[in-house]
Amino acid sequence: MSNELTTYLDRHRRAVQLKQLGILKAIDAICLRHGIDYWLDGGTILGAVRHGGFIPWDDDIDIAMRLDDLPRFVEAARRELPEGLYIQTPDTDPN
């Protein structure tokens, strides 16, 4: 990671985490409406358990769901994600 990016993330990490929390809430609402089970994974679950929130230096969210639920989630997310958010998959963006 470049020094400029590292400096930016260090300076703005909490704002980034709060934005990600908003994204997670949107995902949670979609999953609840459609009966799709998902769970926190990786550093996100570690932060929730160990730190009561984000790991202080973490700058992403990790979620997982069953593979057979993914198509339903993708379709629901395409329709229901708030303005400014979109779902990106190998089908929507092959790069």
Subset of the stretch 1-49 [of a type in the set (D, E, K, R) and at pLDDT 95 or above]:
25, 28, 33, 37, 41
Enumerate the pairs (first residue in the stretch 19-46 and closer than 14 Å to residue 86 by Cα; second residue anywhere and charged (D, E, K, R) and outside any helix (DSSP H, G or I)) with beta-carbon separation below 9 Å, excluding pairs fewer than 6 apart on the same chain, so at least 6 apart or on different chains.
20/59; 20/60
Search result, residues across the stretch 9-56 that are over 11 Å from the mean Cα position of the chain (by Cα) and among the small types (Gly, Ala, Ser)
15, 29, 35, 42, 43, 47, 48, 52, 53
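The values are calculated or read from the model by the stated rules, or taken from the named source; none is laboratory data. Since this is a predicted model, take the numbers as computed values, not measurements. Cβ coordinates were reconstructed from backbone atoms using ideal geometry, including for glycine residues, and neighbour counts include every protein chain displayed.
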